[in-house]
Amino acid sequence: MAVDPLIELRDVNKYFGELHVLQDIDLTVGKGEVVVVIGPSGSGKSTLCRAINRLEPIQSGTILLDGRALPTEGRELARLRADVGMVFQSFNLFAHKTVLQNVTLGQIKVRKADKAKAEEKARALLDRVGVADQADKYPAQLSGGQQQRVAIARALAMEPKALLFDEPTSALDPEMINEVLEVMRQLARDGMTMVVVTHEMGFARSAANRVVFMADGRIVEDRSPEEFFTDPRSDRAKDFLSKILKH
Ligand SMILES: Nc1ncnc2c1ncn2[C@@H]1O[C@H](COP(=O)(O)OP(=O)(O)OP(=O)(O)O)[C@@H](O)[C@H]1O
Ligand SMILES: [Mg+2]
């Protein structure tokens, strides 16, 4: 299947001092594709996400978004950050702002939307992720699952071309994991381009077009979920799967 590429990494290398955390990374994410990234702790998954969003500089290689090289600074960079939304493990909502304000802020500051329009859109998005009735509360008054759905609504409010998720359900109590994954599944069905770092193998099987397995800063396998889970090629992946599927 030939898809239009949206995110392209070519020969990307990154070091933290001596540590070579991203090694010759080649990765293409097509428009509308869902790529799940898995791998052991410390393999470079978060760094990969952060590099795509320019939260981490890289030492060599190129990263393209929609065919354009990523700007490294200035206004162009702010626009890029708005084009690639990011959802973190720890929600990262503004604690002293209401849910509604969390979802309108970026629209007003970065997208220059007027307040009424921004609020209308925010309410529609909060409804879409199932927390419309929480709009006037503060983040601390919400459950973890609700906060994470607000974080997704906030990312969507910027009308991003792609969304990056870094272990979005890892900090959640088990009963809240599914409500967040269900929102993500719906986004996938709606055609959102997504890169998702997760240990939720059920999500990977049901929603991913591809699974990328990382180990020691390298992409070791990049295959369909079906192929990856039934017939992992590398010893690293076999070892990882046997551990993760056991518990
Ligand atoms: N700011 C930093 N400074 C120095 N080393 C770092 C920094 N951030 C990450 N590292 C190191 O880079 C490597 C990759 O880290 P990264 O967070 O990308 O891994 P990960 O695959 O996301 O792991 P986890 O599953 O635990 O979240 C690790 O060895 C980590 O210790
Ligand atoms: Mg990580």
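Quick look at the numbers
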read-out: Count of residues meeting criterion [at pLDDT 95 or above, part of a helix (DSSP H, G or I) and either in contact with an Asp or Glu (Cβ under 9 Å, 6 or more places away or on another chain) or of a type outside the set (A, V, I, L, M) (or both)] in the stretch 109-138; value: 11
read-out: Single residue of the stretch 140-181 satisfying the filter (among the β-branched types (Val, Ile, Thr) and part of a helix (DSSP H, G or I)) that is most open to solvent (accessible area, probe 1.4 Å); value: ILE177
read-out: Complete set of residues in the stretch 61-75 that are buried (at least 20 other Cβ atoms within 10 Å of the Cβ) and over 17 Å from LEU163 (Cα atoms); value: none
read-out: Total residues in the stretch 105-134, condition surrounded by 18 or more Cβ atoms within 10 Å (Cβ to Cβ) and within 26 Å of ARG185 (Cβ to Cβ); value: 9
read-out: Matching entry among ARG185, ARG218 (being open to solvent by 20 Å² or more (accessible area, probe 1.4 Å), touching a strand residue (DSSP E or B) at 6+ places or on another chain (Cβ under 8 Å) and closer than 27 Å to ILE25 by Cα); value: ARG218
read-out: Extreme residue, nearest to ligand 2 (Cβ to nearest atom), among residues of the stretch 141-154 that are closer than 13 Å to VAL183 by Cα and of a type in the set (A, V, I, L, M, F, W, C); value: ALA151
read-out: Residue among ARG50, ARG75 that is under 24 Å from MET214 (Cβ atoms) and either within 16 Å of ligand 1 (Cβ to nearest atom) or out of contact with any helix residue (DSSP H, G or I) (no Cβ under 8 Å at 6 or more places or on another chain) (or both); value: ARG50
read-out: Output for the stretch 221-247, where each listed residue is open to solvent by less than 30 Å² (accessible area, probe 1.4 Å) and assigned to a strand (DSSP E or B); value: GLU221, ARG223
read-out: Selected residue [more than 16 Å from ligand 2 (Cβ to nearest atom), touching a residue at least 40 places away in the same chain (Cβ under 8 Å), among the aliphatic types (A, V, I, L, M) and open to solvent by less than 50 Å² (accessible area, probe 1.4 Å)] from ILE58, ILE25, ILE52; value: ILE58
read-out: Selection count where residues are open to solvent by 10 Å² or more (accessible area, probe 1.4 Å) and β-branched (Val, Ile, Thr), scope the stretch 28-49; value: 2
read-out: Any chance ALA78 is more than 20 Å from VAL131 (Cβ to Cβ), crowded, with 18+ Cβ neighbours inside 10 Å, out of contact with any strand residue (DSSP E or B) (no Cβ under 8 Å at 6 or more places or on another chain) and modelled with pLDDT under 95; value: no
read-out: Hits in the stretch 43-92 (condition: among the polar types (S, T, N, Q) and assigned to a loop (DSSP other than H, G, I, E, B)); value: SER43, ASN53, GLN59, THR72, GLN89, SER90, ASN92
read-out: Condition broken by ASN92, with the remaining ones in (1) within 16 Å of ligand 1 (Cβ to nearest atom); (2) open to solvent by less than 60 Å² (accessible area, probe 1.4 Å) satisfied; value: (2)
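The values are calculated or read from the model by the stated rules, or taken from the named source; none is laboratory data. Note that the structure is a prediction, hence the values are computed from the model and not measured. Because the Cβ atoms are built from the backbone with ideal geometry, glycine has one as well, and the counts that use them run over all protein chains shown. Heavy atoms of the whole protein, side chains included, go into the accessibility calculation; ligands, DNA and RNA do not. Shrake-Rupley method; radii C 1.70, N 1.55, O 1.52, S 1.80 Å.
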